[in-house]
1. In what order do 108, 85, 232 fall by count of nearby beta-carbon atoms within 10 Å, going from fewest to most?
2. Could you give the length gained by full extension between residue 241 and residue 186, i.e. 0.36 nm per residue of separation minus their alpha carbon distance, to one decimal place?
3. Could you please rank 78, 136, placing first whichever residue has the fewest other Cβ atoms within 10 Å of its Cβ?
4. Let me check against my output: what whole-number percent is the relative contact order of the stretch 58-256, with C-alpha pairs under 8 Å and at least 6 apart?
5. Taking 0.36 nm per intervening residue step and subtracting the Cα-Cα distance, what contour gain separates residue 128 from residue 105 on full extension?
6. Evaluate the distance, in nm, between pseudo-label points positioned 7 Å from the Cα of residue 218 and of residue 116 along their respective Cα→Cβ axes.
7. Got a sec? How would 249, 186, 177 order by Cβ neighbour count within 10 Å, fewest to most?
8. What is the distance in Å between the Cα centroid of the stretch 58-134 and that of the stretch 162-190?
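Derivation of every value follows stated rules applied to the coordinates shown; laboratory data play no part. Quantities reported herein were computed from a predicted structural model and do not represent experimental measurements. Positions of Cβ are generated from backbone atoms using ideal geometry, with glycine treated the same way; all protein chains shown enter the neighbour counts.
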């Protein structure tokens with residue numbers, strides 16, 4: 001029995017000797033019993049009374065001057081771009097509806113930036129062959145992005161990201177499209193008139209294509225060349241300097257040697 005007890009004790013000692021010993025000098029959170037909280041489980045939020053709730057209806061939006069101002073700002077952009085003109089309601093023509101969408105915009109720091117109201121067309125009411133024909137719009141390929149980023153990082157080129165405001169309003173429409181007047185902003189002198197669209201509006205099926213066509217035409221006119229491998233990559237070369245523009249709808253990535 002003593003032999004068995006001695007053997008068991010010896011086995012336990014050997015097992016203890018086999019346990020890994022934390023003898024290195026590096027100080028880690030685990031070694032110092034420091035537990036870093038997982039942000040996924042941090043449910044505490046700070047609400048600011050200065051941030052307006054996003055309206056679900058036009059009536060709710062009209063009660064807040066900040067949202068009324070946002071809608072007026074959107075229509076001002078329409079006027080500057082000459083997006084549409086009021087005309088008598090045409091006979092035997094499809095007239096698409098429109099609606100307001102409301103969004104709070106935030107800075108990268110998380111602070112509230114502004115109230116954004118966007119007037120969008122109800123594109124699902126459009127009719128193929130009457131309101132639109134082509135809708136395809138190219139976007140930059142992921143392989144192109146990786147290749148250009150690799151070149152930029154290797155050569156130490158700066159990177160700049162652009163987000164074009166009201167991008168789709170820049171695109172010219174080739175089709176004859178009519179839209180109802182904006183809810184809440186009907187012209188009192190011509191309440192039965194509708195808008196004849198000259199520029200693309202968010203929500204139209206051909207809006208992305210119209211914007212891309214307008215952007216491409218402008219870039220080519222100022223000296224850029226369209227890549228044969230990727231139609232959303234534009235390149236300008238001046239001597240030994242290069243400038244690259246990568247287009248993904250209304251987001252543009254810019255890099256180059258100068």
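1. Ranked by crowding around the Cβ, least crowded first: 108, 85, 232.
2. 14.6 nm is the gain from fully extending residue 241 to residue 186.
3. Neighbour counts put them in this order, fewest first: 136, 78.
4. 26 percent
5. Value of the extension gain: 4.8 nm.
6. Taking the two extended label points, one gets 1.8 nm.
7. Values: 249 17, 186 14, 177 26.
In increasing order of surrounding Cβ atoms, one gets 186, 249, 177.
8. 7 Å
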